[in-house]
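Student: Just dropping this structure here.
Taken together, the values in this text are just the output of simple stated rules run on the coordinates, not laboratory data. The structure presented is a predicted model; accordingly, all values stated were derived computationally and were not measured. Neighbour counts run over all protein chains shown; Cβ positions are idealised from the backbone, glycine included.
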Amino acid sequence: MSVDRVVLITGATGAVGQVVCKIFADAGYRLSLTGRKRETLEKLAKTLALSEDRLMINPTNLLNEKEVQELVHGIIGRMGSIDILINIAGGWMGGKKVAEMSEQEWNATIDLNLRSAFLINRAVLPIMVQRGWGRIINFSSKAADTPGQKQAAYNVAKAGVIALTASIAAEYKRDGISANALLPSIIDTASNRAQMADADVSRWVKPQELGKLVLFLCTEEGGSLNGASIPVYGKI
């Protein structure tokens with residue numbers, strides 16, 4: 001199967017990212033993958049075993065505006081388009097109550113989860129507008145809807161991702177672009193299992209389930225859903 005769509009996946013080397021990459025590779029998409037480290041991207045590329053015309057790896061710091069622009073220009077130069085953005089990059093940071101947090105800790109969390117989302121979404125939108133078609137999936141979190149304790153900056157950042165996604169959906173719905181946010185709860189990954197050894201993992205969200213949902217949202221049929229914040233809470 002061959003799909004003439006180029007998918008940009010941020011956070012590609014993470015536990016969820018790797019599963020999403022495999023699902024889209026198997027579905028016949030062309031992939032451009034980003035992560036911080038070239039070594040981990042190269043390892044992932046080997047497992048996907050795609051031809052050069054279907055795979056591009058791009059070590060990128062998504063908090064560096066210049067690197068983000070270079071990333072996008074490089075993809076266009078080699079693959080010709082960016083049709084789909086799957087923005088998984090981000091991460092949990094917390095452990096302190098609001099009054100205990102430093103400004104540096106607050107800014108670092110907002111940057112990692114929200115500023116990075118703004119920069120990469122902003123960079124791909126003109127390309128999608130020009131082509132008259134696009135799909136954007138931003139990963140938020142259940143924390144945006146049900147804020148947890150000692151993670152205020154994370155809660156705020158993930159709520160901001162929802163607002164950013166909804167803004168894009170409203171502004172670009174006439175341009176053939178659909179933008180939606182996913183709100184997973186605890187995801188069944190090796191690191192989460194190690195940190196919560198006594199938890200009932202059967203209640204957690206499986207990366208494969210998330211990947212299949214993302215795949216549907218990127219189809220023609222999935223484009224009818226726009227501006228949604230989709231809870232993927234498992235049984236928690």
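Student: Here are some residues: Ile136, Ile162, Ile120, Ile186. Which one is of a type in the set (Val, Ile, Thr), out of contact with any Asp or Glu (no Cβ under 7 Å at 6 or more places or on another chain) and over 23 Å from Asn64 (Cα atoms)?
Tutor: On the way: Ile136 fails: over 23 Å from Asn64 (Cα atoms); Ile162 fails: over 23 Å from Asn64 (Cα atoms); Ile120 fails: over 23 Å from Asn64 (Cα atoms).
Of Ile136, Ile162, Ile120, Ile186, the one residue that is of a type in the set (Val, Ile, Thr), out of contact with any Asp or Glu (no Cβ under 7 Å at 6 or more places or on another chain) and over 23 Å from Asn64 (Cα atoms) is Ile186.
Student: Related question: Looking at (1) under 30 Å from Gln208 (Cβ atoms); (2) surrounded by 13 or more Cβ atoms within 10 Å (Cβ to Cβ); (3) within 20 Å of the chain's Cα centre (by Cα), find the lone condition where Asn64 falls short.
Tutor: Result: Asn64 fails condition (1) only.
Student: For the stretch 68-84, give me each residue that is surrounded by fewer than 16 Cβ atoms within 10 Å (Cβ to Cβ) and not small (Gly, Ala, Ser).
Tutor: Correct list: Gln69, Glu70, His73, Ile76, Arg78.
Student: Tell me which residues, restricted to the stretch 76-107, are in contact (Cβ under 8 Å) with a residue 40 or more places away in the chain and either under 17 Å from the mean Cα position of the chain (by Cα) or within 19 Å of Gly14 (Cβ to Cβ) (or both).
Tutor: Ile82, Asp83, Ile84, Leu85, Ile86, Asn87, Ile88, Ala89, Gly90, Trp92, Met93, Gly94
Student: Among Ala15, Ala45, Ala27, which is the only one that is under 17 Å from the mean Cα position of the chain (by Cα) and among the aliphatic types (A, V, I, L, M)?
Tutor: Values: Ala45 fails: under 17 Å from the mean Cα position of the chain (by Cα); Ala27 fails: under 17 Å from the mean Cα position of the chain (by Cα).
Residue meeting the stated conditions: Ala15.
Student: Ok, one more. Failed condition for Arg135, given (1) assigned to a helix (DSSP H, G or I); (2) in contact with a Cys (Cβ under 9 Å, 6 or more places away or on another chain), with all others met?
Tutor: Evaluating Arg135 over (1) assigned to a helix (DSSP H, G or I); (2) in contact with a Cys (Cβ under 9 Å, 6 or more places away or on another chain) leaves (1) as the failure.
Student: Of the residues that make up the stretch 222-236, is at least one within 22 Å of Phe24 (Cβ to Cβ), buried (at least 21 other Cβ atoms within 10 Å of the Cβ), of a type outside the set (Lys, Arg) and touching a strand residue (DSSP E or B) at 6+ places or on another chain (Cβ under 9 Å)?
Tutor: no
Student: While we're looking at this one, here's another question. Which of the residues belonging to the stretch 22-65 are touching a Pro at 6+ places or on another chain (Cβ under 8 Å) and among the basic types (Lys, Arg)?
Tutor: Arg36, Lys37, Arg38
Student: In the stretch 177-209, which residues are part of a helix (DSSP H, G or I) and surrounded by fewer than 21 Cβ atoms within 10 Å (Cβ to Cβ)?
Tutor: Ala190, Ser191, Asn192, Arg193, Ala194, Gln195, Val201, Ser202, Arg203, Gln208, Glu209
Student: Does any residue in the stretch 47-65 that is in a strand (DSSP E or B) come within less than 7 Å, Cβ to Cβ, of a residue that is of a type in the set (Val, Ile, Thr) six or more places away or on a different chain, and which pairs are these?
Tutor: Between residues of the stretch 47-65 that are in a strand (DSSP E or B) and residues that are of a type in the set (Val, Ile, Thr), the close pairs are Met56/Ile75; Asn58/Thr34.
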